[in-house]
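**Q** Dumping the structure here so I can ask a few things about it.
The values are calculated or read from the model by the stated rules, or taken from the named source; none is laboratory data. All values derive from a computational prediction rather than experimental measurement. Neighbour counts are summed over all protein chains in view; Cβ atoms, including those assigned to glycine, are modelled from backbone coordinates with ideal geometry.
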Amino acid sequence: MAVVRYSNVFGEGQRPDNPYCGVVSKFFAAAMAGEPLSVHGDGEQTRDYTYVDDAVAATLLAAIHPRAEGEVFNIGTGIETSVNALAQVSWQPSAGTWRSATWTAGTSTTSAAAW
């Protein structure tokens, strides 16, 4: 048996109304609805965001690889990203482009104007 520990997994089908859901889907849902993004604290806390397909691949590898027996694996990208940096970027499906949001660091809510 191997042990896997995940860090902030996100992806399609994640429900933003789930209290255990991560910030990525909450930000995406708010942006799509034209609502402000809620940033707690100063937004400089960092996280390692892992796409669900990558988490699944790592889990399957840990489950079937003989050398994984008895090991513990931290599943993530190893890249720290601040909540503020995540809030700066949004996907605009109608325009098909990436756009930056405007917000004031240190406030509890970002501006929805850029979304």
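**Q** Answer with yes or no whether residue 74 is of a type in the set (S, T, N, Q), in contact with a Ser or Thr (Cβ under 9 Å, 6 or more places away or on another chain) and at positive phi. Even if it seems obvious, please write down each step before you answer.
**A** On the way: of a type in the set (S, T, N, Q): yes; in contact with a Ser or Thr (Cβ under 9 Å, 6 or more places away or on another chain): yes; at positive phi: no.
Answer is no for this residue.
**Q** Follow-up question, since we're still on this one. Looking at (1) acidic (Asp, Glu); (2) modelled with pLDDT of 95 or more; (3) within 18 Å of the chain's Cα centre (by Cα), can you tell me which one residue 71 breaks?
**A** Here residue 71 meets the rest and fails (3).
**Q** Which one is farthest from residue 53 (Cα to Cα) among residues in segment 7-20 that are surrounded by 15 or more Cβ atoms within 10 Å (Cβ to Cβ) and either modelled with pLDDT under 90 or not aromatic (Phe, Trp, Tyr) (or both)? It would help to see each step written out before you state the result.
**A** Narrowing segment 7-20 to residues surrounded by 15 or more Cβ atoms within 10 Å (Cβ to Cβ): 7-11, 14, 16.
Still in the running and either modelled with pLDDT under 90 or not aromatic (Phe, Trp, Tyr) (or both): 7-9, 11, 14, 16.
Numbers: 7: 13, 8: 13, 9: 9, 11: 8, 14: 13, 16: 18 Å.
Among residues in segment 7-20 that are surrounded by 15 or more Cβ atoms within 10 Å (Cβ to Cβ) and either modelled with pLDDT under 90 or not aromatic (Phe, Trp, Tyr) (or both), the one farthest from residue 53 (Cα to Cα) is 16.
**Q** Inside segment 16-65, can you point out the residues that are in contact (Cβ under 8 Å) with a residue 40 or more places away in the chain and aromatic (Phe, Trp, Tyr)?
**A** The answer is 27, 28, 49, 51.
**Q** Does residue 4 satisfy being under 25 Å from residue 73 (Cα atoms), touching a helix residue (DSSP H, G or I) at 6+ places or on another chain (Cβ under 6 Å) and β-branched (Val, Ile, Thr)? Full working, then the answer.
**A** On the way: under 25 Å from residue 73 (Cα atoms): yes; touching a helix residue (DSSP H, G or I) at 6+ places or on another chain (Cβ under 6 Å): yes; β-branched (Val, Ile, Thr): yes.
Taking the combined requirement at face value, the residue satisfies it.
**Q** Still on this structure, please answer the following. Taking residue 43 as the residue in question, decide whether it is loosely packed, with under 11 Cβ neighbours inside 10 Å and at positive phi.
**A** Details: loosely packed, with under 11 Cβ neighbours inside 10 Å: no; at positive phi: yes.
No; evaluated as a whole, the condition is false for this residue.
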